[in-house]
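What follows draws every value from the coordinates through simple rules; no lab data is involved. None of the values given here were measured: they were computed from a predicted structure. Cβ atoms come from the backbone with ideal geometry, glycine included; neighbour counts cover every protein chain shown.
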Amino acid sequence: MLLIVTKPPKFCAGNFKCIELSREDASILIKGSHSNDQVAPYIFHGSTKRALAVLTGIDFEIVQKTEVPQPRDGDLFLLIQVSPSAPRGRPRVEDLEFLQIEFSL
């Protein structure tokens, strides 16, 4: 399962492998997982949602949950954050940074 998050998951016992992804690689990962119905979005910011829709063509819902769930073996997280150097206001696709976090027991 690919969990798209805009804030880091709570870490727990297990192994985490982190890889920085390009916008293109993140888009491919999201589209592939979405087409297989293997995406769980935890997107907390409307501005990130809009930029993600431009990148992928997919209109995800904003999730009003306070926490990202504990990972299960084999889960992938895609952490999306706005670059600190981005201008204030509504982020553009080029302002997003992507970090893939793979969890295993």
If you line up the long axis of helix 23-35 against the longest principal axis of the chain, both from Cα atoms, how many degrees apart are they, to the nearest 10?
60 degrees
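Any idea what the alpha-carbon Rg over 2.2 N^0.38 Å comes to for the chain?
Details: Rg = 13.1 Å, N = 105, 2.2 N^0.38 = 12.9 Å.
In units of the globular-protein estimate, the chain measures up at 1.01.
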Lysine pairs in the chain with Cα atoms under 16 Å, if 8 or more residues apart or on separate chains:
5
Using 1/(1 + (r/R0)^6) with R0 = 22 angstrom and r between the beta carbons of R92 and D25, what's the FRET efficiency to the nearest 0.05?
0.75
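About the Cα centre of the chain, what is the dipole size in debye to 20, counting +1 per Lys and Arg Cβ and -1 per Asp and Glu Cβ, all else neutral? Let's see the in-between values first.
Working: 12 positive and 13 negative charges, 75 e Å.
Dipole size: approximately 360 debye.
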The extension gain from E102 to V54, computed as 0.36 nm times the residue separation minus the Cα-Cα distance, is 14.8 nm
What is the helix-to-structure angle for 46-56, meaning the angle in degrees between its Cα long axis and the longest Cα principal axis of the chain, kept from 0 to 90 and rounded to the nearest 10?
90 degrees
From the backbone phi of the stretch 90-96, what are the Karplus-calculated ³J(HN,Hα) couplings (6.51 cos²θ - 1.76 cosθ + 1.60, θ = phi - 60°) in whole Hz, Gly and Pro given as x?
6, x, 9, 4, 5, 8, 8
